[in-house]
Structures are given as C-alpha cells and as structure tokens.
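Structure first, then comments.
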Amino acid sequence: MGVAADERRELSALLDELGPDQPTLCEGWRTRDLAAHLVLREHRPDAAPGIAVPALASYTRKVQEGYSAQPWHELVEQVRSGPAWYWPTKIGPVDELVNGAEFLVHHEDVRRGQPNWAPRQADAARDAAAWRTVKAMAKLSLRRSPVGVVLRTESGEELTAKAGNPTVAVVGSPVELLLFVFGRNAVQVEYQGDPDDVARVTSMSRGI
C-alpha cells in the first residue's frame, strides 16, 4: 500500500458518501465530473492526452461526459478498482509515482469543496509524497510569477520556486503547499512579503 492507494480508497469512500452532484474545487466540475476524469485517465489512453492538450480537449470532454452519464455506483466502483490488470499503474511503485499526487489533490478537491472543511491530521507518508511533488512541480507551476516565490514547510524545509526580487514566501504543511502549487486557493498557508506582491502571486494562474 502507499499514498496513491490510500487516497484512492478514501476518495472512493467519500464519493460514495456524497453522491454525484456535490461541488469540488475544480471549476465547473461536480463530483460526477471529477470521478469521470479519474476513470478516463486509467481506461482511455486515446482520450487522456486532451487533459493537457487544448487541441484534443473536445474529444476528451466527450469521452468524459460518457463516463459521467453512467450510474453513480458503477462510476465510483471504477475509481475504486482502478485500471485493468495489464495497466502500468497496477504495479505499486508505478501507481505511487503516477497517482500519488493526482489522487491526493483530487481527494482534497472533493473534501474542500464541501462546507466547513478542515485539513486532515498530518501523516508522515502523505506529507513526504506531497513535498516530493512540490519539489518536482513548483518551478514549472510558478514560472509565470511576476515576483520571486519561496515555498517553506512548517518544519523549515525550503524551496525557491521562482528566483526574483522582491520575493514572497508561502509557508505551510507539505499538503497545503502542494495544493497551492496545483492552483488551489482553498489552502491554509501563511504569506510573507509585501501585500501587493502577495496579491500578485495569489491572483495569478498557477499550475501546468
């Protein structure tokens, strides 16, 4: 087991609990849409490129809408069970590499789309996986920042995501920093820097 498997299991249970029409942090997506996205990633290699390539997005959207029209319990079960046995992410280490951050972020998208959400208690494995992804993705995600950005964990680990002067520091747990890097605003972090510079960072588009 690993973070990817844990997050998949917990997200599936939460989807069962909430139903298909609850809000998420993904703009325009209800829980049904998010679940369909996850299934598409693991079952339709022909449609998955459109997630990142705008020219292919219309086909991806059509396929995703087909999944989202399925009965809810069937759709959630596909999320829970994952891909077919021959899919690379059926191998534990590959699953962890490919899906650890994906399922962690989307689990939080569902959790934090609901009222009165609160961060989960710290978990060493989850925090380590989140910080690894932050270190891998932060420079790409924040490349357009008009000011320098430093990401700092509460334990003192630090990463310069964008060199520059002036600089804004974003301080929080690894999971909160991961969500910030992936463009989410429902995060509990501390911003350090000139208020105008902070506003420029928080209002910019973040993510790939």
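What follows draws every value from the coordinates through simple rules; no lab data is involved. Being a predicted model, the structure only gives us computed values, none of them experimental. Don't worry about glycine lacking a Cβ; one is built from the backbone with ideal geometry, like all the others, and counts go over all protein chains shown.
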Whole-Hz couplings from phi, Karplus 6.51/-1.76/1.60, listed for segment 194-199; x for Gly and Pro:
4, x, 5, 5, 4, 4
Please rank Ser145, Ser81, fewest neighbouring Cβ atoms within 10 Å first, as an exposure proxy.
Ser81, Ser145
Taking a crude spin-label model, label points 7 Å out from Cα along the C-beta direction, the Glu77 to Leu14 distance in nm is 2.3
For segment 3-111, the dipole about the Cα centre with charges only on Cβ (Lys and Arg +1, Asp and Glu -1), to the nearest 20 debye, works out at 320
Near the amide H of Lys162, under 5 Å away, which other amide H atoms are found, from residues 5 or more places off or on another chain, if H is placed in the peptide plane?
Val149
Once Glu157 and Met1 are pulled to full extension, the length gained, defined as 0.36 nm per residue separation minus their Cα-Cα distance, is 53.5 nm
In a GNM of the chain with a 10 Å cut-off on Cα contacts, which of Pro45, Pro88, Pro119 has the highest mean-square fluctuation?
Pro45
Estimated distance in nm for a label pair at Ile91 and Ala55, the labels positioned 7 Å out from Cα along Cα-to-Cβ:
3.1
Hey, if you put +1 on the Cβ of every Lys and Arg and -1 on every Asp and Glu Cβ in the chain, which of Trp117, Gly50, Val187 ends up farthest toward the positive end of that dipole?
Gly50
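Quick one: grab the alpha carbon gyration tensor of segment 3-111, order the square roots of its eigenvalues as a ≥ b ≥ c, and give me rounded if a/c is under 1.5, else prolate or oblate depending on whether a/b is larger than b/c. Spell out each step's value before the answer.
Numbers: a/c = 1.42, a/b = 1.03, b/c = 1.38.
It comes out rounded by the Cα gyration axes.
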Between Leu25 and residues 5 or more places away or on another chain, which pairs have amide H atoms under 5 Å apart, with H built 1.01 Å from N, and which residues are they?
Val110, Gly113
Computed ³J(HN,Hα) along segment 51-63: with the Karplus parameters 6.51/-1.76/1.60, θ = phi - 60°, integer Hz and x for glycine or proline, the list is 4, 10, 10, x, 5, 9, 5, 5, 5, 4, 4, 5, 5
State the extension gain, in nm to one decimal, for the chain segment bounded by Gln121 and Asn185, taking 0.36 nm per residue of separation less the distance between their alpha-carbons.
21.1 nm
I want to check the label-to-label distance for Arg144 and Ser205. Put each point 7 Å from Cα in the C-beta direction and report it in nm to one decimal.
0.4
Along the dipole axis of the chain (charges at Cβ: +1 for Lys and Arg, -1 for Asp and Glu; origin at the Cα centre), the most positive-end residue among Ser205, Leu97, Val170 is Ser205
For the chain, longest principal axis from Cα atoms; helix 72-81 axis from its Cα atoms; angle between them, nearest 10 degrees, is 70
